[in-house]
Every structure is written in C-alpha cells, then in structure tokens.
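Here, each number is a calculation from the coordinates, and none is a lab measurement. The structure presented is a predicted model; accordingly, all values stated were derived computationally and were not measured. All Cβ positions, even for glycine, are placed from backbone atoms using ideal geometry, and neighbour counts span all protein chains on display.
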Amino acid sequence: MRKYTICCGFLLIFLDCSRATFNCSAPPNFNNFDINTCCRTPELDMGDVPQKCHKYVSGLKSSNSKYPSYAHLCYPDCIYRETGAMVNGKIKVDRVKQYLEEHVHRRDQDIVSHIVHSFESCLTNVKGHMKSLNIESYKVLPHGCSPFAGIIYSCVNAETFLNCPAQMWKNERPCNLAKQFAEQCNPLPHVPLPSS
Ligand SMILES: *[C@@H]1O[C@H](CO)[C@@H](O)[C@H](O)[C@H]1NC(C)=O
C-alpha cells in the first residue's frame, strides 16, 4: 500500500512538472488574440427570446444604454426564464438539454452534451457554495435580479471553454495557452461568488 502511494505521488509530480506552471497574478500576453474564438460558438436559434430579454433589461432601473443588454447581469436570468431552463429560480438541466437539442443547429449538436455537462458541474459547485452559506438562494441585487443565473451562465461558458469538443476547438498556441492558464488559475466555478 505504502509503495503504491509513493509511486502514485511520484507519477503525479512528474505529470505536473511536464506542463508550464503559471504565475496566476500574471496572465500570459495574448497580443490581442481573441480568446473567445478558441471554442467555436454553436449556432443557436433562440427565436424572439433575445429580443424579449433586450426589452426586459432595458426596462430595469439598472439598465445602462452604454452597454449592450447581453452584458447586463440580469440578462442570463431572463434568457433562462424565457427558454424554460429556469423555473422558480431553479435551473432544470433536463430542460436545458431538451432546449439545446431542439435549438442548436444539427451540425453543432456535438457540443450539446458538453454544455449539459458544464451545467451539471457548475450547478453542483454553486449549490455546494450556497449550502456552505446555509442559504436557499442568493440575495436579489439592486440590479433587479438574483446573481444566480448570471453566475451559472459565466461558469458554463468558462467550463465549456475548458471542455470544448476537439472539432470546435482552434488548436493554436494562444488558445492552448489560455486553456492551460485557466485550468491552473481559474478553477470551478470560474467566477467570484457572493458572500450572501
Ligand atoms: C507574479 O506576478 C506578480 C504580478 O506581476 C508579481 O508581483 C509577483 O512577484 C509574481 N510572483 C512570482 C512568484 O513570480
């Protein structure tokens, strides 16, 4: 048993040393390379949902016309509600899966299982955080919504970036570097969580 532990520990150290170790306070310089293009976004037809959510966000007191509505913290909250992915503040992974299967273009269906898996990982992580705070939901912010949907949305994007299907991944140096940096320096849930 002891011998096994030692061998295994040695192997892990060896594997860890085989990849670059980053200083997490100093991200690599990507020279304006757009990292968002590394994992190709699937073609997704959401019908009139974006239009509805644009209207919803524009009507909030916290709305700021200087920024696009999709950048508003409450935009994902609206998207998940309008697509039926979120019911009474709870995200239903089976509804997410069904929605994506019906609305992602056929040629991009490969990514659906990856996105669904990201939802599962992110929900488990964030719900664990809520449990550790002993709360059922995060406080509604002055923005006009709970940050929960926005947190899940950002987490799912980051997690799907890390688990992008090979055929949608741009196998270029800045992309692989960004992925390695995120793996080491930005673990789940990939976003800061509120303290209440
Ligand atoms: C990491 O980067 C920060 C910011 O550039 C720097 O202040 C710090 O000294 C670096 N740490 C190490 C261990 O190199």
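Roughly what would the spin-label model give for Ala71 and Asn31, points 7 Å off Cα along C-beta, in nm?
The two pseudo-label positions are separated by 2.7 nm.
Taking the Cβ of each residue in Ser113, Ser195 as the centre, tally the other Cβ atoms inside 10 Å and list the residues starting with the fewest.
Ordered by Cβ neighbours within 10 Å, fewest first: Ser195, Ser113.
With r as the distance between the Cβ atoms of Lys55 and Cys185 and R0 = 30 Å, compute the FRET efficiency 1/(1 + (r/R0)^6) and round to 0.05.
E(calc), rounded to 0.05, equals 0.20.
Over the chain, consider all pairs of different Cα atoms and compute the Kirkwood hydrodynamic radius from their mean reciprocal separation; express it in Å, one decimal.
Hydrodynamic radius (Kirkwood, Cα only) of the chain equals 18.9 Å.
With only alpha-carbon pairs counted, each pair once and no self-pairs, how large is the Kirkwood hydrodynamic radius of region 27-139 in angstroms?
In region 27-139 this quantity evaluates to 16.3 Å.
Which residue, Ser146, His129, Pro76, has the largest displacement toward the positive end of the dipole of the chain when charges sit on each Cβ (Lys, Arg +1; Asp, Glu -1)?
His129
Kirkwood Rh, Cα Rg: Rg to Rh for region 135-196?
The Rg/Rh ratio comes out at 1.10.
Please report Arg106, Arg173, Arg81 as a ranked list, fewest other C-beta atoms within 10 angstrom at the top and most at the bottom.
If I rank by nearby Cβ atoms, fewest first, I get Arg106, Arg173, Arg81.
Could you calculate the contour length gain from Asp45 to Asn64, that is, 0.36 nm times the residue separation minus the distance between their Cα atoms, to one decimal place in nm?
4.2 nm
By how many nm would the segment from Asn88 to Leu141 lengthen if fully extended, with 0.36 nm per residue of separation less the alpha-carbon distance?
Gain in length upon complete extension: 17.4 nm.
Sorting Asp108, Asp94 on the 10 Å Cβ count, fewest up front, what's the list?
Fewest-to-most Cβ neighbours within 10 Å comes out as Asp94, Asp108.
Just to be sure I understand: with springs between alpha-carbon atoms less than 10 Å apart, which residue in Ala149, Ala158, Ala26 has the highest mean-square fluctuation in the Gaussian network model of the chain?
Top of the fluctuation ranking is Ala26.
GluC sites (Glu not before Pro) within region 127-196: which are DSSP loop residues with at most 10 other Cβ atoms inside 10 Å?
Answer by residue number: Glu136.
Between Glu172 and Gln109, what is the label-to-label distance in nm when each label sits 7 Å out along the Cα-to-Cβ direction?
Taking the two extended label points, one gets 3.0 nm.
Once both axes come from the Cα atoms, what is the angle between helix 148-162 and the longest principal axis of the chain, in degrees from 0 to 90, rounded to 10?
Around 40 degrees separate the two axes.
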